[in-house]
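What follows is calculated from the coordinates using simple rules that are stated; it is not laboratory data. Small disclaimer: the values here were computed from a predicted structure and weren't measured. Note that each Cβ is placed from the backbone with ideal geometry, even for glycine, and that neighbours are counted across all protein chains shown.
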Amino acid sequence: MKPALGNYWGVGDANLGCKEHERRALIKIKEDLIDDYDHLSSWSTKEGKEDCCKWRGVHCNNQTGHVSHLNLSISDVEPLRGKLSPLLSELQYLTFLDVSYNDFNHTQIPKSIASLSNLRHLDFYHANFGRNIPFQLGNLSSLQHLDLGRNNFNEPENLEWLRPLSSLSFLCMSSVNLSKVNNWLHVVNQLPYLTVLLLHACSLPNIFPIPHVNSSTSLDVLNLSYNNLTLSSSALEWLFNSNITVVKLYLFDNQFQGLIPDAFSKIHSLELVDLDGNEFEGGIPKSFSGMCNLKTLSLSSNNLSEQLLGIFHNLTGCANHSIEELYLDNNHIMGSFPDLTTFSSLRVLLLSHNRLSGTIPESLGKQSNLEILYIGDNLFKGVISEAHFSKLTKLKLFQIYNNTLVVNFSSNWAPPFQLEQLYLVSCQLASGLPKWLQTQKSYYWLDLSNSTISDTLSNSYWIFPTHLHYINLSHNQINGHIPNLALESSFPFAIDLNSNKLEGEIPPFVFKGSHLDLSNNMFSKLALSLCEANNNSLKFLDLSNNHLSGEIPNCWMHFEGLKILKLANNHFHGKIPSSVGSLIKIETLDLGNNNFSGELPSTLKKCTKLIFLDLRNNSLSGPIPMWLGRSHPNLVVLFLRSNQFYGRMPSHLCHLTHLQILDLALNRITESIPRCLNNLTSLTDTKSPNVAINHSYELLSSRYVDQTIWMWKGREYFYRNILALVKGIDLSSNKLSEVIPEEIVMLDGLISLNLSRNLLTGKITSDIKLLRSLEVLDLSDNKLCGEIPSTLSLIDGLNSLNLRNNNLSGRIPTGPQLSTFNASSYEGNPNLCGFPLPKNCLGEETPQNPTVNPTVNGSSGDASMQDEKDGFITRGFYVSAAIGFVVGFWGVFGTLLLNRSWRLSYFKFLNNIRDRLYVIGGVTMARLQRQLQS
């Protein structure tokens, strides 16, 4: 809806030069802006740059020399900041002003702009303005284009200031809260030349007075999407019962439920109808067949459940000749793929994410105008061959995945089309890498992941398009080397080849993209490749689970844009290079399971955005640095497990208030546990967080989700989507001494606590009951003394307990949870007694445990002996059961034997049951046979 950015960038073409007072005003305007990227560097008073008509974004009138256009719209990635100067009013001859996609920090639009009486185009879109919309904008009587969308304005009480803007043809107020403006429709009806009205996400009231207007309203574009409108809304009543003509109607993401109204067909002018993201049911009304101007019908992400054949049948009239784009993806549509040859104009067809079944007919190949076809995630079966594409000369995008389809093309097939994007995901590519891709000169997007490809990549250079944007060959059986290519792509591309059998050296060109995943292969060489790239656009690099060895190169200053770096599970050795500190945007750093040595580089403290840090299973040494807790305020996961760190555990780690997993196990950490652990506020929160620890990531508009292995109940488990649910501390296998700090019981969100194999002394506090979320507790192999607190039984979720090899004494407390643990949880404490240990406490003859389950936690024993101990299933029980059976059996059978009428009724009942079952079985078998034959 917006004009393309940069329409008026560049130099002005006036020969008269810049007006001095306007030049001064522009310099003042620049002073109020924060230009982090020097976009306005040409705005200068230095010699040779005085002519403001040649400044970037400034355009002057050829006849007068006055500044007529000012475009400060840079980009949403590198915006200007600060505030918009009221001195804009000095530019009295401005007809065009665009400050969209900047960050004005909730400041107010200057009221002085209302004095620019020549303005015809005014664009404030997505500029982070705040406070009230100045009603003085209503003075701009020449205004034709007004865009106030995507800002943070206060809720307006009315829109009366819009009425004087009689020349307005374009109005966007998207994301402005209009819930209090019941007369918005009355106001816009007073704008006679209005052709584009965009009120997306405005919280429009559902019920409001409808204006009675004699003259008809004509809109090229009407967008009322994302407003929680229902089928009873006054907006729909106005649409369906007035003289309005709309060409493009957007109503997506509202709350429409039930059947699609026939009334849409009353608006004969409609060329585009977008009803995505609602809860419409059933199918498309038969009346739609008469919408002779309809070109685009979008019903994605609804609850449509009709047979696909019925949907196309209801569009057969004159609509089937006009329809060019049909979006039916993400519904519950069933049935087989119909013959579409009567829809001769069809260019775009999206049927993915439905319940379609059967084979795909070869008649699909006759759709000569088809450009985009998405049919993935259905239940199709059979074979796709050249015949399905015989006349698809215009095909540009083809997508199919998650089907039991065999894709079978002959090796010498020459397609009639030139693709741009191809998705053949989770299919069966019988012939390996498609040789016909050598004929495709325009494609830039290729996804053949998880498609049973068994082939060699070494000589398949043609699989990488010249203008690469995205290639995914992951989860196949591809071997060989990546060919060393010289791509011409200027776009930051993405390569995903993970989970194959690729080997050898990683070529330099792959590091020039924005996303590279080569994990789970057999690559062995890296050093020469990495430093040749020098690429700040690289955001994601995963080389984990390979055979890479040697020292990692010290050239990370060339990759300052990295957010995710994973080099785990290789054979790297030597020190972690100091240039890793140059990764100032890094959020996930995983170097675990290598052989890195030496101390952590102090430059790592510059990586202040770290969320996930995994350095486990290396040979790192030295004290844990103080800055680790001070410089990483966002850290959520910290693994330093299985290294050679020594010294005391720094109290600065308590500053990591977002920390959810702390693993320092298997080091040589000494002295006491810091008493400040209760400052780890994320571990004091019992509420369930988001189920994944994820990061915003540009590729495919998706997010990266962290994953790791965590020791749980003595075994390693892989966590990804539920990693954020894990809240644990593991300080085991160190040399920690003194008592367990009582402050630790304040971590009532803690799920796992492992302090085993240390030198801890003192008693287990009775306040341990406050760890109400605890499921795993391991305090074994220490020097703890005193009794086991009975309050331990109050932790309802506790399902793994290990207290063995301490100096605990007294009776083992009983309770619903503690009764489920076997003797191995308590062994090695000579002075402990009571069940489940064999040692009885003083005055006891046998261990007491009336509620034990002999199969829990590996407990064993004879079930019948346990039943005898319970005192319930005795010999008298079996005698009573036998007598009850005899009496009950003869009570029923004897009565039938002696009473003839009852006996006849009973057997007649059994005969009826038998006959009914026979009929049901026969009908079912006949139905199954018909289905198999079809």
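Segment Asp32..Asn177, full-extension length gain: 49.4 nm, with 0.36 nm per residue of separation and the alpha-carbon distance subtracted. Only Lys, Arg, Asp and Glu carry charge here, each on its Cβ (+1 for the first two, -1 for the last two); on that basis segment 495-640 has a dipole of about 400 debye about its Cα centre. Pairs to check: Lys46/Lys111; Lys366/Lys394; Lys30/Lys606; Lys19/Lys49. Give those whose C-alpha atoms are more than 20 Å from each other in this structure. The pairs that break the limit, which is 20 Å between Cα atoms, are Lys46/Lys111; Lys30/Lys606.
Within the straight-line cut-off of under 13 Å between alpha carbons, the aspartates and glutamates reachable from Lys605 are Glu587, sequence neighbours fewer than 8 places apart in one chain being disregarded.
For segment 179-314, the C-alpha radius of gyration sits at 1.03 times the compact-globule guess of 2.2 N^0.38 Å, with N the residue count. Computed about its Cα centre, the charge dipole of segment 718-812 is approximately 220 debye, with only Lys, Arg, Asp and Glu carrying charge at their Cβ.
The protection proxy used here, the mean number of other Cβ atoms lying within 10 Å of each residue, ranks peptides 275-281, 190-196 as follows, highest first: 275-281, 190-196.
Want the number for Asn152 to Ser619: 0.36 nm per residue separation, take away the alpha-carbon distance, what's left?
Numbers: separation 467, 0.36 × 467 = 168.12 nm, distance 5.18 nm.
Fully extending the segment from Asn152 to Ser619 adds 162.9 nm.
Determine which residues of segment 534-559 fall in the zone a paramagnetic label at His571 would reach in this model, i.e. backbone nitrogen under 13 Å from the point 7 Å along Cα→Cβ. The answer is 546-551. Across segment 473-627, counting alpha-carbon atoms alone, Rg and Dmax equal 15.1, 48 Å.
Near Arg804: Cβ cut-off under 9 Å, other residues only, Lys/Arg at +1 and Asp/Glu at -1. The net charge is -2.
Placing dummy labels 7 Å off each Cα toward the beta-carbon, the span from Asn402 to Glu505 is 4.2 nm.
In this simple spin-label model, placing a label point 7 Å from the Cα along the Cα-to-Cβ direction at both Ser524 and Gln257 gives a separation of 6.4 nm. Rounded to the nearest 0.05, what FRET efficiency do Lys585 and Thr466 give with R0 = 25 Å and r taken as the Cβ-Cβ distance? Could you check? Once the sixth-power term is evaluated, E becomes 0.25. Here the label points at Met557 and Ser42, each 7 Å from Cα along the C-beta direction, are separated by 3.3 nm in the simple model. In sequence order, segment 26-38 has phi-based couplings of 5, 5, 5, 4, 5, 5, 8, 9, 9, 9, 5, 10, 6 Hz under the Karplus curve 6.51 cos²θ - 1.76 cosθ + 1.60, θ = phi - 60°, and Gly or Pro positions carry x.
Excluding same-chain neighbours fewer than eight residues apart, the lysines reachable from Lys783 by a Cα-Cα span under 20 Å are Lys735, Lys763. Put a plus charge on the Cβ of each Lys and Arg, a minus charge on the Cβ of each Asp and Glu, and nothing anywhere else: the dipole of segment 457-555 about its Cα centre is then about 80 debye.
At 0.36 nm per residue, and after removing the present C-alpha to C-alpha distance, how many nm does the segment from Gln144 to Ser357 gain when stretched out fully? Display every interim value, and only then the final one.
Details: separation 213, 0.36 × 213 = 76.68 nm, distance 5.15 nm.
The Gln144-Ser357 span can extend by a further 71.5 nm.
Set the Förster distance to 30 Å, then compute FRET efficiency between Thr195 and Glu50 from the Cβ-Cβ distance, nearest 0.05. After rounding to 0.05, the efficiency reads 0.10. Rounded to the nearest 0.05, what FRET efficiency is calculated for His321 and Ser269 with R0 set to 22 Å and r the Cβ-Cβ distance? Efficiency at R0 = 22 Å is approximately 0.80.
Between the listed residues Thr393, Asn520, Ile506, the Cα displaced farthest toward the positive end of the dipole of segment 385-531, a dipole computed from Cβ unit charges relative to the Cα centre, is found at Thr393.
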